[in-house]
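Where a number appears in this text, it was derived from the coordinates with a stated rule and is not lab data. Predicted, not measured: the structure shown is a model, and the values here were computed from it.
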Amino acid sequence: ATANVSAAPTVQVKGLSGGTTLFFSNFLLGELETAGISVDAVKPARINPSKPRIRFPIGGGVLDLDGHVGEIDHNGGLRLENGEGKSVVLHNLTVEAQPGDVFVTGVVEVDGDIAGRSRLFDVNQELSDIEIRDDGKVRIRKLNLLLTQNAVDVLAMLGLSLSEANKAGVVNSG
């Protein structure tokens, strides 16, 4: 038996200078603060304590030249901890693109135990842009992240009660 396979041209994603920055939404920051949940970076990600943002180095990935299929892998993570010492860490966030669907997954760790990789954020594609530049670099602009039910469930472990589709933040790269 023979199979015909056709593939779109692709670009390898190599680390962009500076990586990708997640700007937390005012809504999410307010809810975390009210619930007494601290936010910290897991290296090599860096958090800016004076501004509500965290920067993740890009580890690699691959995208088709239209930016509609593929993934962008990030190093580091985000640690959330409530006042009782219960912690959730979101490791190695990945922006995944499929035709008609862009989302972010991450490895979830609860109190030191790995729970697995989960779809954490959906991307509002009407307000977002992934561009492959002529020099082959990938530029992510205004990826508007919305909480998924998985993320709502993870945050509930820390005592936070949110709804699916609440805006979590905006992501930019470069």
Open item on the list: Among the listed pairs LYS86/LYS142; LYS51/LYS142; LYS43/LYS167, which have their C-alpha atoms separated by more than 20 angstrom in this model?
Closed with: LYS86/LYS142; LYS43/LYS167
TODO: Give a residue-ordered list of calculated ³J(HN,Hα) values for region 142-153 (Karplus: 6.51 cos²θ - 1.76 cosθ + 1.60, θ = phi - 60°; whole Hz; x for Gly, Pro).
DONE: 6, 6, 7, 8, 10, 4, 8, 4, 4, 5, 4, 5
- [ ] Rounded to whole Hz and in sequence order, give me ³J(HN,Hα) for region 102-112 from the Karplus expression 6.51 cos²θ - 1.76 cosθ + 1.60, θ = phi - 60°, writing x for Gly and Pro.
- [x] 10, 8, 10, 10, x, 7, 9, 10, 10, 6, x
Task: Amide H contacts under 5 Å for VAL102, placed H, 5+ residues apart - done: VAL123
